[in-house]
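Okay, structure first, notes after.
The values are calculated or read from the model by the stated rules, or taken from the named source; none is laboratory data. For clarity, every value in this text was computed on a predicted model and none was experimentally measured. For neighbour counting, all protein chains shown are included, and Cβ atoms are generated from backbone atoms with ideal geometry for every residue, glycine included. To get the accessible areas, we keep the full protein, side chains included, count just its heavy atoms, and leave off ligands, DNA and RNA. Shrake-Rupley method; radii C 1.70, N 1.55, O 1.52, S 1.80 Å.
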Amino acid sequence: MMEIVFYLSGIITFVVIFLISIFAPTKGQTRIWLWSLLKICFFTVLFYSWFTENIVLKWILIEASTLFGALLISSSGTERSFHVGWKFLLINSYALGLAFLGIVILLFASTPLQNLDFSSLKLGLEGQSGLLIETGILLTIYGYSGKLGLVPNHFWVGDTYAESPSQISSLIASFVPVSVVLAIRPLIKLENELNLHLINASNGLLFIGILTILYSTLMLVSRDDIRRISAKVALFHTGMLTLFLWLDISDDVYYYLLATTVLVKLLVFLSMGILRMDAGKRNISQILNGTMLSHKALYVYLLALLIAFVFPLSPVFVLDLKIIEIAIMKKQFYLFIFPILGSVFFFVSLNKVLPMVKLENRDFDSEVYGTLQLRFYFFWFSLLFTISVGAYGMYYLMAKYI
């Protein structure tokens, strides 16, 4: 059932982003239909990658999203956006190149395969172990981690989300991480069967995930740009994905995690776009120098931050409860640190945004009133759907405690 919830969440998220890009585009956006076609291509290749078991085709589809993503990032038409698009293309291509090298090594180490499906590769590696296979898995997972945007290959993340229109940021942040996680998880399961050493790709992925969480939290302290703050929220949640990849979670929790990732990223960047467009500025210090701000725009952003971390009916809150459950059942009490880190991140971001409440309230900026009002409606639809998924997850995953 949770698998269906995930696919439904993905489709609804794309439809919301697509409709916003057509009917409520970023101010000054040109060639809307051309970019909309590119968005469809971006979503199609990643959505298809969710279903294929062919490890080479999955890699090709994820790599194709890199090209489409670079073009979408440059849709703003500024010199800065072109530079960021190239950075996105080069870093992601480098990382996926390592992943492909790892896949080639695994195929070389395997016995002859009937096809390139992962199940066939797993049979081909059955009963084998050794440095060659471990190297292949390590390179593949590490390469895919660069596409995730984990430390040390995270340098494209902040610039991408800061210089792209909010719809593009939402599209990339929502669909790239879940597509990569779907490619990584079978490899981690395979490694757990073949390599039980302390030093392995799974533990390494968790290590760089923790570094990513700490980095995003520390960098948040010095950020004044609401786009950069939103990027750090996305980076924090990407780091948290590695914890669930490392833990032995059920398929239901796994697909619920993916649905949560898609929906939370949509809310964060959709609300950020509303606040950014209404304020007319992106730096909080500059916004505070003004006298008026639409509190509707501010409150949707605060609501998105709540949903992303601590709101009781949020899917994120349900996942935090699952972490606590696993920590207690397996007596791994150090896992409590992860929900605590989420709370710390939330309060730091809240401290950044909350001072804007003191500005005098007004309605949406008259120049973009129609656009903001439409985005406002889409936000509430997305919020209600996300809370519904959270309530369902609370009932389905935590029923025995209720």
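Where the centroid of each part is defined by its Cα atoms, how far is the stretch 367-397 from the stretch 36-93 in Å? Between the Cα centres of the stretch 367-397 and the stretch 36-93 lies a distance of 26 Å.
If you wrap the Cα atoms of the stretch 1-132 in a convex hull and average its projected area over all directions, you get 10.5 nm². Over the stretch 201-327, how many percent of alpha carbon pairs lie in each 5 Å bin up to the one with the longest distance? All Cα pairs considered, the percentages come to 2, 10, 18, 21, 19, 13, 9, 5, 3, 1, 0.
Ordered by solvent-accessible area of protein heavy atoms (1.4 Å probe), largest first, the residues 324, 307 come out as 324, 307. Note on the stretch 285-325: Kirkwood radius taken over Cα pairs, Stokes-Einstein applied at 20 °C and 1.002 mPa s, translational D equal to 178 µm² s⁻¹. Mind checking the angle between helix 2-23 and the chain's longest principal axis? C-alpha axes, 0 to 90 degrees, to the nearest 10. Compared with the principal axis, the helix lies near 40 degrees.
Relative to the current alpha-carbon distance between residue 54 and residue 93, full extension at 0.36 nm per residue lengthens the span by 12.1 nm. In order along the stretch 158-174, phi translates into HN-Hα couplings of x, 5, 4, 6, 7, 9, 9, x, 4, 5, 5, 4, 5, 5, 5, 5, 7 Hz, rounded to whole numbers, per the Karplus curve 6.51 cos²θ - 1.76 cosθ + 1.60 with θ = phi - 60° and x for Gly and Pro.
For residue 244, the solvent-accessible surface computed with a 1.4 Å probe is close to 10 Å², ligands and nucleic acids excluded.
Apolar share of the accessible surface for the chain: 68 percent from carbon plus sulfur atoms, 1.4 Å probe. Using the Cβ-Cβ distance between residue 328 and residue 286 with R0 set to 41 Å, the FRET efficiency from 1/(1 + (r/R0)^6) comes to roughly 0.35.
For residue 185, the solvent-accessible surface with a 1.4 Å probe is about 30 Å², rounded to the nearest 10.
Remark: accessible surface ordering of 156, 59 (largest first) is 59, 156, probe radius 1.4 Å.
Excluding ligands, DNA and RNA, the accessible surface per residue across the stretch 258-373 is 40 Å² with a 1.4 Å probe. Put simply, the stretch 1-40 fits an ellipsoid with semi-axes of 26, 10, 5 Å; these come from the alpha carbon gyration tensor as the roots of five times its eigenvalues, largest first.
Within the listed set 104, 233, 310, the residue fluctuating most in the Gaussian network model of the chain (springs between alpha-carbon atoms under 10 angstrom) is 104. Helix 32-49 axis versus longest C-alpha principal axis of the chain: approximately 30°, rounded to the nearest ten. In percent, rounded to a whole number, the relative contact order of the stretch 287-393 is 46, using alpha-carbon pairs under 8 Å and six or more apart. Distance from the C-alpha centroid of the stretch 173-249 to that of the stretch 103-150: 20 Å, rounded to the whole angstrom. Could you tell me how many degrees, from 0 to 90 and to the nearest 10, lie between the Cα long axis of helix 315-329 and the main elongation axis, the longest principal axis, of the Cα atoms of the chain? Computed tilt is about 40 degrees. Express the Stokes-Einstein translational diffusion coefficient of the stretch 269-396 in µm² s⁻¹, to the nearest whole number, given a Kirkwood radius over alpha-carbon pairs, 4 °C and a viscosity of 1.567 mPa s. Diffusion coefficient, whole number: 80 µm²/s. Counting Cα-Cα pairs of the stretch 161-254 in 10 Å increments starting at 0 gives whole-percent bin shares of 15, 40, 30, 12, 2.
Taking the chain as a Gaussian network of alpha-carbon nodes connected by springs under 10 Å, the highest mean-square fluctuation of the residues 300, 368, 45 belongs to 368. Highest average first, the peptides 35-44, 211-220 ordered by how many other beta carbon atoms sit within 10 Å of their residues are 211-220, 35-44. Checked against a 25 Å cut-off, the cross-linked pairs 122/232; 265/330; 189/322; 232/331 give Cα-Cα distances beyond that limit for 122/232; 265/330; 232/331. For the chain, the relative contact order is 18 percent, taking Cα pairs closer than 8 Å that sit 6 or more residues apart in sequence and dividing their mean separation by the residue count. The packing ranking, built from the mean of other Cβ atoms within 10 Å per residue, places the peptides 286-295, 250-259, 82-91 in the order 250-259, 82-91, 286-295, highest first.
For the chain, the alpha-carbon coordinates run over 68, 49, 37 Å along the three principal axes, in decreasing order. The length gained on full extension between residue 369 and residue 122, counted as 0.36 nm times the residue separation minus their Cα-Cα distance, comes to 83.4 nm.
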